[in-house]
Amino acid sequence: MATPGVLRLLETLADGTVEEFSPVINEEGEVSYPDVEQHLDANDPDAYSVLESLARRDILYREFREKAYVCPECGRDGMRYTTVCAECGSQNTIEQELYKHVECGCLAPEEQFRVGEGEYACPDCQLAVRPEQMEVLQQHVCQTCGESAAGSVGALRCRECLSVCEPHKAIEWVLYSYGFEQYGRQWLTTQLSARQALAEMLDERGFTVEVDAYIRNDSTETPVHLYGEDDLLGDRVIGAVHERPEQEDVERLHTAAAAVDARSVLVSTSGTVTKQAEELAQNHDIGLLSYQQDGSLEREYTTATRTEHSSSMLQRLTSSVRRQLN
Ligand SMILES: [Zn+2]
Ligand SMILES: [Zn+2]
Ligand SMILES: [Zn+2]
(Lines give C-alpha, C1' and ligand atoms only; values in the text may rest on other atoms or scores of the structure.)
(Ligands and ions follow the chains in the order given, each with its own letter.)
Protein backbone atom coordinates (compact mmCIF):
# COMPACT_ATOMS: atom_id res chain seq x y z
CA MET A 1 0.00 0.00 0.00
CA ALA A 2 1.22 3.46 -0.80
CA THR A 3 -1.11 6.32 -0.03
CA PRO A 4 -0.92 9.56 -2.03
CA GLY A 5 1.11 11.02 0.83
CA VAL A 6 3.65 8.19 0.72
CA LEU A 7 4.06 8.59 -3.04
CA ARG A 8 4.60 12.34 -2.56
CA LEU A 9 7.35 11.88 -0.03
CA LEU A 10 9.09 9.25 -2.16
CA GLU A 11 8.98 11.66 -5.09
CA THR A 12 11.07 14.13 -3.08
CA LEU A 13 13.76 11.45 -2.82
CA ALA A 14 13.47 10.61 -6.51
CA ASP A 15 13.84 14.20 -7.69
CA GLY A 16 16.65 14.95 -5.24
CA THR A 17 14.77 17.49 -3.11
CA VAL A 18 15.67 15.33 -0.16
CA GLU A 19 18.73 13.10 -0.06
CA GLU A 20 17.70 11.13 2.98
CA PHE A 21 14.94 11.28 5.57
CA SER A 22 16.81 12.22 8.71
CA PRO A 23 15.50 12.36 12.25
CA VAL A 24 15.33 15.42 14.46
CA ILE A 25 14.35 15.57 18.09
CA ASN A 26 11.52 18.01 18.56
CA GLU A 27 10.69 20.30 21.47
CA GLU A 28 8.74 17.57 23.22
CA GLY A 29 11.83 15.37 23.17
CA GLU A 30 10.39 13.06 20.53
CA VAL A 31 11.98 11.93 17.31
CA SER A 32 10.33 13.35 14.22
CA TYR A 33 10.99 13.29 10.49
CA PRO A 34 9.91 16.74 9.22
CA ASP A 35 10.70 15.94 5.56
CA VAL A 36 8.29 13.04 5.80
CA GLU A 37 5.60 14.60 7.96
CA GLN A 38 5.04 17.56 5.66
CA HIS A 39 3.88 15.21 2.89
CA LEU A 40 1.71 12.86 4.88
CA ASP A 41 -2.02 13.33 5.23
CA ALA A 42 -3.99 13.19 8.45
CA ASN A 43 -5.15 9.63 7.80
CA ASP A 44 -1.66 8.30 7.06
CA PRO A 45 0.22 6.44 9.79
CA ASP A 46 2.93 8.37 11.63
CA ALA A 47 6.20 9.09 9.85
CA TYR A 48 8.21 6.46 11.66
CA SER A 49 5.70 3.71 10.87
CA VAL A 50 5.64 4.77 7.23
CA LEU A 51 9.44 4.73 6.96
CA GLU A 52 9.75 1.39 8.73
CA SER A 53 7.13 -0.13 6.49
CA LEU A 54 8.96 1.12 3.38
CA ALA A 55 12.27 -0.19 4.74
CA ARG A 56 10.71 -3.58 5.41
CA ARG A 57 9.64 -3.71 1.78
CA ASP A 58 13.18 -2.82 0.63
CA ILE A 59 11.97 0.40 -0.95
CA LEU A 60 14.08 2.39 1.51
CA TYR A 61 17.28 1.49 3.29
CA ARG A 62 17.55 2.16 6.98
CA GLU A 63 20.82 3.29 8.47
CA PHE A 64 21.79 3.79 12.09
CA ARG A 65 22.74 7.40 12.81
CA GLU A 66 23.26 7.81 16.52
CA LYS A 67 21.90 7.36 19.96
CA ALA A 68 20.47 10.38 21.66
CA TYR A 69 19.69 10.91 25.30
CA VAL A 70 16.76 13.14 26.06
CA CYS A 71 16.41 15.03 29.33
CA PRO A 72 13.53 13.65 31.42
CA GLU A 73 12.97 17.13 32.89
CA CYS A 74 12.75 19.39 29.84
CA GLY A 75 12.71 17.03 26.85
CA ARG A 76 15.82 18.40 25.11
CA ASP A 77 18.41 16.07 23.68
CA GLY A 78 22.18 16.25 23.78
CA MET A 79 22.79 15.34 27.40
CA ARG A 80 26.43 15.28 28.42
CA TYR A 81 28.20 12.71 30.47
CA THR A 82 29.43 13.85 33.85
CA THR A 83 30.34 12.37 37.23
CA VAL A 84 28.72 13.19 40.53
CA CYS A 85 29.17 12.66 44.25
CA ALA A 86 27.38 9.48 45.31
CA GLU A 87 26.42 11.12 48.60
CA CYS A 88 24.96 14.51 47.62
CA GLY A 89 24.79 14.41 43.80
CA SER A 90 27.07 17.40 43.34
CA GLN A 91 29.14 17.46 40.16
CA ASN A 92 31.87 19.33 41.96
CA THR A 93 34.11 16.36 42.67
CA ILE A 94 37.84 16.34 42.19
CA GLU A 95 40.08 13.35 41.90
CA GLN A 96 42.95 13.75 44.32
CA GLU A 97 45.55 11.87 46.28
CA LEU A 98 44.66 11.22 49.92
CA TYR A 99 46.66 9.69 52.76
CA LYS A 100 45.03 7.15 55.01
CA HIS A 101 46.11 6.43 58.54
CA VAL A 102 45.75 2.63 58.48
CA GLU A 103 45.23 2.30 62.21
CA CYS A 104 42.33 4.72 62.63
CA GLY A 105 41.13 5.02 59.07
CA CYS A 106 41.49 8.79 58.86
CA LEU A 107 41.63 10.04 55.28
CA ALA A 108 43.14 13.44 54.51
CA PRO A 109 45.45 15.21 52.06
CA GLU A 110 49.17 14.88 52.70
CA GLU A 111 49.57 18.44 54.01
CA GLN A 112 47.19 17.72 56.87
CA PHE A 113 49.39 14.81 57.98
CA ARG A 114 52.67 16.64 57.64
CA VAL A 115 53.97 18.31 60.81
CA GLY A 116 57.60 18.83 59.80
CA GLU A 117 60.28 17.71 57.36
CA GLY A 118 59.55 13.97 56.92
CA GLU A 119 57.39 13.94 60.04
CA TYR A 120 53.73 13.06 60.08
CA ALA A 121 50.92 13.02 62.60
CA CYS A 122 47.32 11.89 62.09
CA PRO A 123 45.02 14.92 62.00
CA ASP A 124 42.29 12.83 63.56
CA CYS A 125 43.76 10.68 66.33
CA GLN A 126 46.82 12.95 66.73
CA LEU A 127 49.28 9.99 66.90
CA ALA A 128 52.65 10.34 65.24
CA VAL A 129 52.62 8.26 62.08
CA ARG A 130 55.47 6.77 60.08
CA PRO A 131 55.14 6.71 56.26
CA GLU A 132 54.71 2.91 56.22
CA GLN A 133 51.68 3.29 58.50
CA MET A 134 49.90 5.28 55.80
CA GLU A 135 48.30 4.29 52.50
CA VAL A 136 48.19 6.59 49.51
CA LEU A 137 44.82 6.45 47.73
CA GLN A 138 43.35 8.06 44.58
CA GLN A 139 39.94 9.37 45.65
CA HIS A 140 37.10 11.39 44.18
CA VAL A 141 36.54 14.08 46.73
CA CYS A 142 33.29 16.05 46.77
CA GLN A 143 33.94 19.75 47.23
CA THR A 144 30.37 20.29 48.34
CA CYS A 145 29.89 17.74 51.12
CA GLY A 146 33.44 16.47 51.62
CA GLU A 147 32.59 12.83 50.91
CA SER A 148 35.33 10.85 49.20
CA ALA A 149 35.02 7.64 47.23
CA ALA A 150 37.32 5.40 45.23
CA GLY A 151 35.17 5.46 42.11
CA SER A 152 33.07 8.09 40.41
CA VAL A 153 29.35 7.83 39.73
CA GLY A 154 28.31 8.45 36.11
CA ALA A 155 25.43 10.81 35.34
CA LEU A 156 23.97 12.81 32.47
CA ARG A 157 23.62 16.55 32.54
CA CYS A 158 21.16 18.50 30.40
CA ARG A 159 22.70 21.37 28.42
CA GLU A 160 19.37 23.17 28.38
CA CYS A 161 17.97 23.08 31.91
CA LEU A 162 21.22 21.95 33.59
CA SER A 163 19.49 19.21 35.55
CA VAL A 164 21.53 16.12 36.30
CA CYS A 165 20.07 12.64 36.25
CA GLU A 166 21.15 9.06 36.54
CA PRO A 167 21.83 7.62 33.07
CA HIS A 168 18.94 5.13 33.29
CA LYS A 169 16.46 7.96 33.83
CA ALA A 170 17.27 9.63 30.52
CA ILE A 171 15.18 8.68 27.49
CA GLU A 172 17.29 6.85 24.96
CA TRP A 173 16.48 7.24 21.28
CA VAL A 174 18.07 5.20 18.54
CA LEU A 175 18.07 7.38 15.45
CA TYR A 176 17.87 6.08 11.89
CA SER A 177 18.00 7.75 8.49
CA TYR A 178 16.16 6.38 5.48
CA GLY A 179 16.99 6.69 1.79
CA PHE A 180 16.20 5.08 -1.54
CA GLU A 181 17.21 1.54 -2.34
CA GLN A 182 17.80 0.91 -6.04
CA TYR A 183 14.69 -1.26 -6.04
CA GLY A 184 12.76 1.60 -4.43
CA ARG A 185 13.41 3.90 -7.38
CA GLN A 186 12.12 1.28 -9.81
CA TRP A 187 9.16 0.61 -7.57
CA LEU A 188 8.19 4.28 -7.43
CA THR A 189 8.59 4.64 -11.21
CA THR A 190 6.18 1.74 -11.67
CA GLN A 191 3.59 3.24 -9.29
CA LEU A 192 3.75 6.66 -10.93
CA SER A 193 3.67 5.19 -14.45
CA ALA A 194 0.60 3.13 -13.57
CA ARG A 195 -1.12 6.21 -12.15
CA GLN A 196 -0.22 8.10 -15.31
CA ALA A 197 -1.57 5.30 -17.51
CA LEU A 198 -4.86 5.42 -15.63
CA ALA A 199 -4.98 9.22 -15.94
CA GLU A 200 -4.41 8.98 -19.69
CA MET A 201 -7.03 6.30 -20.09
CA LEU A 202 -9.63 8.46 -18.36
CA ASP A 203 -8.47 11.52 -20.25
CA GLU A 204 -9.07 9.70 -23.53
CA ARG A 205 -12.58 8.94 -22.31
CA GLY A 206 -13.28 12.64 -21.86
CA PHE A 207 -12.64 13.00 -18.13
CA THR A 208 -10.91 15.98 -16.62
CA VAL A 209 -8.29 14.25 -14.53
CA GLU A 210 -6.45 15.42 -11.45
CA VAL A 211 -3.71 13.23 -9.98
CA ASP A 212 -2.83 13.35 -6.29
CA ALA A 213 -6.15 15.02 -5.60
CA TYR A 214 -8.31 15.71 -2.57
CA ILE A 215 -11.96 14.86 -2.42
CA ARG A 216 -13.72 17.51 -0.36
CA ASN A 217 -16.98 16.58 1.21
CA ASP A 218 -18.55 18.47 4.12
CA SER A 219 -15.69 18.98 6.53
CA THR A 220 -13.63 16.01 5.39
CA GLU A 221 -10.77 16.01 2.94
CA THR A 222 -9.81 12.65 1.53
CA PRO A 223 -6.58 12.23 -0.43
CA VAL A 224 -6.85 10.05 -3.51
CA HIS A 225 -4.38 8.99 -6.17
CA LEU A 226 -6.58 10.22 -8.95
CA TYR A 227 -9.88 11.97 -9.52
CA GLY A 228 -11.67 12.27 -12.84
CA GLU A 229 -14.76 14.26 -13.68
CA ASP A 230 -16.92 14.36 -16.76
CA ASP A 231 -18.98 17.55 -16.42
CA LEU A 232 -21.11 16.80 -19.44
CA LEU A 233 -22.38 13.49 -18.15
CA GLY A 234 -21.98 14.34 -14.47
CA ASP A 235 -19.75 11.31 -14.13
CA ARG A 236 -17.05 11.01 -11.50
CA VAL A 237 -14.28 8.45 -11.07
CA ILE A 238 -11.79 7.90 -8.29
CA GLY A 239 -8.73 5.82 -9.05
CA ALA A 240 -6.24 4.13 -6.76
CA VAL A 241 -2.94 2.43 -7.58
CA HIS A 242 -1.39 -0.22 -5.36
CA GLU A 243 1.33 -2.76 -5.77
CA ARG A 244 -0.88 -5.50 -4.46
CA PRO A 245 -4.27 -4.17 -3.43
CA GLU A 246 -5.47 -5.37 -0.05
CA GLN A 247 -8.76 -5.18 1.74
CA GLU A 248 -8.02 -1.87 3.43
CA ASP A 249 -7.05 -0.29 0.09
CA VAL A 250 -10.39 -1.30 -1.36
CA GLU A 251 -12.21 -0.08 1.73
CA ARG A 252 -10.51 3.30 1.62
CA LEU A 253 -11.23 3.71 -2.08
CA HIS A 254 -14.85 2.74 -1.59
CA THR A 255 -15.31 5.21 1.27
CA ALA A 256 -13.85 8.06 -0.77
CA ALA A 257 -15.94 7.21 -3.82
CA ALA A 258 -19.18 6.68 -1.93
CA ALA A 259 -18.88 10.09 -0.29
CA VAL A 260 -19.07 11.88 -3.63
CA ASP A 261 -21.10 9.29 -5.48
CA ALA A 262 -18.23 8.41 -7.81
CA ARG A 263 -17.32 5.22 -9.58
CA SER A 264 -14.00 3.72 -8.63
CA VAL A 265 -11.22 1.80 -10.25
CA LEU A 266 -8.30 0.05 -8.63
CA VAL A 267 -5.02 -0.72 -10.36
CA SER A 268 -2.63 -3.44 -9.24
CA THR A 269 0.93 -2.84 -10.39
CA SER A 270 1.98 -6.41 -9.57
CA GLY A 271 -0.97 -7.90 -11.43
CA THR A 272 -2.01 -9.53 -8.15
CA VAL A 273 -4.90 -8.78 -5.82
CA THR A 274 -5.58 -10.47 -2.49
CA LYS A 275 -8.62 -12.72 -2.34
CA GLN A 276 -10.28 -10.57 0.30
CA ALA A 277 -9.63 -7.43 -1.73
CA GLU A 278 -11.12 -9.02 -4.82
CA GLU A 279 -14.30 -10.03 -2.99
CA LEU A 280 -14.69 -6.63 -1.45
CA ALA A 281 -14.09 -4.92 -4.77
CA GLN A 282 -16.79 -7.03 -6.37
CA ASN A 283 -19.21 -6.21 -3.55
CA HIS A 284 -18.58 -2.50 -3.97
CA ASP A 285 -18.60 -2.69 -7.74
CA ILE A 286 -15.03 -1.45 -8.03
CA GLY A 287 -13.25 -2.08 -11.31
CA LEU A 288 -9.97 -4.00 -10.99
CA LEU A 289 -7.19 -3.50 -13.50
CA SER A 290 -3.60 -4.62 -13.69
CA TYR A 291 -0.70 -2.55 -14.95
CA GLN A 292 1.32 -4.38 -17.59
CA GLN A 293 5.03 -4.33 -18.37
CA ASP A 294 4.30 -2.59 -21.66
CA GLY A 295 2.52 0.26 -19.84
CA SER A 296 -1.02 -0.76 -20.67
CA LEU A 297 -3.91 -1.47 -18.31
CA GLU A 298 -5.69 -4.80 -18.56
CA ARG A 299 -8.69 -6.39 -16.92
CA GLU A 300 -6.73 -9.57 -16.05
CA TYR A 301 -5.19 -10.13 -12.67
CA THR A 302 -4.36 -12.99 -10.34
CA THR A 303 -5.59 -13.41 -6.80
CA ALA A 304 -3.51 -14.40 -3.81
CA THR A 305 -4.76 -15.54 -0.43
CA ARG A 306 -1.97 -14.64 1.93
CA THR A 307 -1.01 -11.18 3.09
CA GLU A 308 2.74 -10.84 3.35
CA HIS A 309 4.89 -9.08 5.87
CA SER A 310 2.26 -8.35 8.49
CA SER A 311 4.00 -10.25 11.27
CA SER A 312 7.50 -8.98 10.54
CA MET A 313 6.18 -5.44 10.50
CA LEU A 314 4.71 -5.91 13.93
CA GLN A 315 8.02 -7.21 15.24
CA ARG A 316 9.87 -4.27 13.86
CA LEU A 317 7.46 -1.82 15.38
CA THR A 318 7.51 -3.37 18.81
CA SER A 319 11.29 -3.17 18.94
CA SER A 320 10.57 0.50 18.52
CA VAL A 321 13.13 3.26 18.76
CA ARG A 322 11.86 4.59 22.00
CA ARG A 323 13.25 2.74 24.94
CA GLN A 324 13.20 3.82 28.54
CA LEU A 325 16.25 2.34 30.12
CA ASN A 326 14.75 1.15 33.40
ZN1 LIG B 1 16.70 19.47 30.60
ZN1 LIG C 1 44.72 8.34 63.07
ZN1 LIG D 1 28.90 15.45 47.99
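The values are calculated or read from the model by the stated rules, or taken from the named source; none is laboratory data. It should be emphasised that the depicted structure is a prediction, and the values quoted were computed from it without experimental measurement. All Cβ positions, even for glycine, are placed from backbone atoms using ideal geometry, and neighbour counts span all protein chains on display. Ligands, DNA and RNA are excluded from the accessible area calculation, which covers all protein heavy atoms including side chains. Shrake-Rupley method; radii C 1.70, N 1.55, O 1.52, S 1.80 Å.
A few points about this structure:
- Rounded to the nearest 20, the size of the Cβ-charge dipole of region 142-291 about its Cα centre is 680 debye, with Lys and Arg at +1 and Asp and Glu at -1.
- Computed 3J(HN,Hα) for region 258-271, one whole-Hz value per residue from the Karplus formula 6.51 cos²θ - 1.76 cosθ + 1.60 where θ = phi - 60°, is 5, 4, 10, 6, 10, 7, 9, 9, 10, 10, 9, 7, 9, x, glycine and proline marked x.
- Among Gly105, Gly154, Gly179, residue whose mean-square fluctuation peaks in a GNM of the chain (springs only between Cα atoms under 10 Å): Gly105
- For the pair Glu97 and Asp261, the difference between a 0.36 nm per residue extended length and the Cα-Cα distance amounts to 50.6 nm.
- Once the Cα atoms are used to define both axes, helix 4-14 deviates from the longest principal axis of the chain by about 70 degrees.
- Taking a ≥ b ≥ c as the square roots of the eigenvalues of the alpha-carbon gyration tensor, region 185-308 is classed oblate because a/c is 1.5 or more while a/b is no larger than b/c.
- Förster radius 51 Å - calculated FRET efficiency between Lys169 and Asp15, Cβ distance, rounded to 0.05: 0.70
- Close amide H partners of Leu127, meaning residues 5 or more places away or on another chain with modelled amide H under 5 Å apart, are Cys122.
- The modelled label-to-label distance between Val153 and Val136, using points 7 Å beyond Cα along the C-beta direction, is 2.9 nm.
- Spin-label model, Asp230/Glu27: points 7 Å from Cα along the beta carbon direction are separated by 5.1 nm.
- When Asp203, Asp212, Asp230 are compared by accessible area of protein heavy atoms, the largest-first order is Asp203, Asp212, Asp230, using a 1.4 Å probe.
- By the helix-only formula, in which each DSSP H run with n ≥ 4 contributes -39500 (n - 2.57) and the sum is divided by residues, the chain has a 222 nm mean residue ellipticity of -7500 deg cm²/dmol.
- Nonlocal amide H pairs with Leu288, under 5 Å, H built at 1.01 Å: Leu266
- Each residue was assigned an accessible area with a 1.4 Å probe, and for Ile171 the value is about 20 Å².
- In Å², nearest 10: area of His140 left accessible to a 1.4 Å probe: 40
- Where trypsin sites (Lys or Arg not before Pro) in DSSP loops with at most 14 other Cβ within 10 Å are excluded, longest remaining stretch of the chain: 1-158
- Cut-off 17 Å (backbone N to label point 7 Å along Cα→Cβ of Arg65), residues of region 158-187: 172-181
- Kirkwood-based shape ratio for the chain, expressed as Rg/Rh from alpha carbons: 1.33
- Note on Ser49 and Asp212: the model spin-label points, each 7 Å out from Cα along the C-beta direction, lie 2.3 nm apart.
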